[in-house]
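Heads up: the structure comes next, in structure tokens.
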Amino acid sequence: MDPFILAGVLLLTFIVAFAIGTNDEAMAPAVGAGVFSVGIAVVIGGIVSIFGALIMGKGVSEKVGLGLTKTESLTDLMIIAILISMTLWLILVSLYGGIPISTTQCVVGAIIGVVWIEWGLNEINFDTTTEIFIGWVISPLIGFVGAAVIFITIQKMRSISIVQGYTNYEKQEQIAAYGLAVFLIWTSFSRGGNDVANAVAPLMALGSGENSLDPMVALSVGGIGMAIGLILIGRKVVETLAHEVVSLSPSSALSASLSVSVIMFVGTAAGLPLSGSHILVAALIAVGWAGRTDVEFDAVKKILISWIITVPISAIFAAVLYTGGTYFVDLNLF
Amino acid sequence: MQVSSAKLNEAVQAWIAKDKKKVDELVEDIIELEREADEVKEDIIQNIFSKRAFLRQSTEERYILVELLDHVTTEVEECALILRSKDKIPDKIPEELKVLSEITWKCTDQLQDAIKFMWTDYEKARKISFKIEKTRDKARNEYYTIFSRLMNEGYSPESVYYLDRLAKELVEVALAGENVADHIRALAVKYS
């Protein structure tokens, strides 16, 4: 790969990873439960994400980058259009709405947009697309059920304790708070690996052999970009999920987070591009429902709407950007 | 709270017995206790709650408990001030006033137990909270008995106003106690 193009693509990867970081809500349960302040949560999340990206990111990258087209490979221009489309939508939603959306959906939507415009729908590998789509639908369902089961189990264990009083309850919540901190670090680690794929996957799709990019370089740039995005803008999304969906205690937040960590860890190890956002929001709703706490359905509705429109908007953005890019390339302006 | 409530009952008994000197001493003690309670409350809020000694939800629940307990002490002080405000103790006083005062004291006594058990045994705390509700009910019924007597037994308008005010304030103490009991019961139901 030409060094200038490589530098340009790496810069773009950094910006895309930054955008992904702006929408990383993994630490939200800890903030909602009052275990960490927002500032501390985003710093810890950022640092852990970098390690997650470096250690776990490679497995997921190969799937998303290389599986969505049947025979064709994504061109450089397509990759740029995909990256910019994802970046635009993520930053818009994070900065102005503080709404957690799925970066996986952004990428898949953008890839579908450019492939459709260039080669038509027949070129899209619907087996892989369907597998990803099923993952999006199943993961929140599993997250909801898993979180509800865990939380109800914890409540039942409390109710059969021999001695029950407020002191005992506070001790249990304190233990839950420590457990929550540990699990959220684990979740950020897993999600670092999963989310960095969305930034570097198009790069990995550039090909193999002497033109391929060293994965560790790409993952490093991605990890650092995500960390900075989370620290600078991601706090808005963290605050939305922490305070505007449901009221959390350490035990309810832990139940939600346990559910998310386990599902994300298994999914990332298996190379599935799961949506941490879907799982987390569903898990929070589940603990709210199980704990008979008010769930702010207006906030949930806003989040669901943004999920639904993310794929088409990403596709449209990418298609428009790619078409515009093609036009300027044809005019020999690039 | 409990000490000031006990002193209030003593003050009412002394007042009914027309011992003005003792009433004044006890009222001064109650005022002093209320000030101390305020200082303790501020100390708890400034130096414990604000320093994140407890998790957020626990802090909120403890804060509500502290505020409600402070309200009981404030109502006790209000009652004591009413006792002191009239120089001449009325000649004719409904005997139910003595009963009402004892019921109010019993209410805060039960409340002390409810708070004690809240930390170690939700079930006991819950049962006591129901007892407090019944005690408050008795206080209210006693008040209406007093009111009926004031309306029908030839009390002077001044006595009617003053005695009614005093009786109502005693019931307010019991009501404030019931509010604390309700909060304790809500916690017991929520976390058990």
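The values are calculated or read from the model by the stated rules, or taken from the named source; none is laboratory data. This structure is a prediction, so every number in the text was calculated from the model and none was measured. As a convention, Cβ positions derive from the backbone with ideal geometry for all residues, glycine included, and neighbour counts pool all protein chains shown. Each accessible area value is taken on the protein alone, full model and side chains, heavy atoms only, with ligands, DNA and RNA left out. Shrake-Rupley method; radii C 1.70, N 1.55, O 1.52, S 1.80 Å.
Data table
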| item | result |
| --- | --- |
| Rounded tilt (10° steps) of A:297-330 against the dominant C-alpha axis of chain A | 10 |
| Cut-off 18 Å (backbone N to label point 7 Å along Cα→Cβ of A:Ala270), residues of segment A:136-151 | A:136-147 |
| Listed residue (B:Val173, A:Gly267, B:Tyr122) projecting farthest to the positive dipole end of the protein assembly as shown, Cβ model | B:Tyr122 |
| DSSP-loop trypsin sites (Lys or Arg not before Pro) across segment B:6-37, with at most 15 other Cβ within 10 angstrom | B:Lys18 |
| Within the protein assembly as shown: Cβ-based charge dipole about Cα centre, in debye rounded to nearest 20 (Lys, Arg +1; Asp, Glu -1) | 940 |
| A:Lys156 paired with A:Gln174, simple spin-label distance in nm, labels 7 Å along Cα-to-beta-carbon | 2.8 |
| Listed residues B:Thr74, B:Gln57, B:Ala14: farthest to the positive end of the dipole of segment B:5-112 (Cβ charges) | B:Ala14 |
| Estimated distance in nm for a label pair at A:Asn125 and B:Val40, the labels positioned 7 Å out from Cα along Cα-to-Cβ | 7.1 |
| Degrees, to the nearest 10: B:2-16 long Cα axis against longest axis of chain B | 0 |
| Charge context of A:Val9, other residues only, Cβ under 15 angstrom, K/R +1, D/E -1 | -3 |
| Rounded tilt (10° steps) of A:38-66 against the dominant C-alpha axis of chain A | 50 |
| Paramagnetic label zone (point 7 Å from Cα along Cα-to-C-beta, A:Thr167; backbone N under 12 Å) in segment B:123-153 | none |
| Cβ-placed point charges (K, R +1; D, E -1), dipole of segment B:43-192 about Cα centre in debye, nearest 20 | 500 |
| Ratio Rg/Rh [Cα only; Rh per Kirkwood] for the protein assembly as shown | 1.22 |
| Spin-label pair A:Asp298/B:Lys22, simplified geometry with 7 Å Cα→Cβ offset, distance in nm | 6.0 |
| Summed buried accessible area for A+B [probe radius 1.4 Å, Å², rounded to 100] | 1500 |
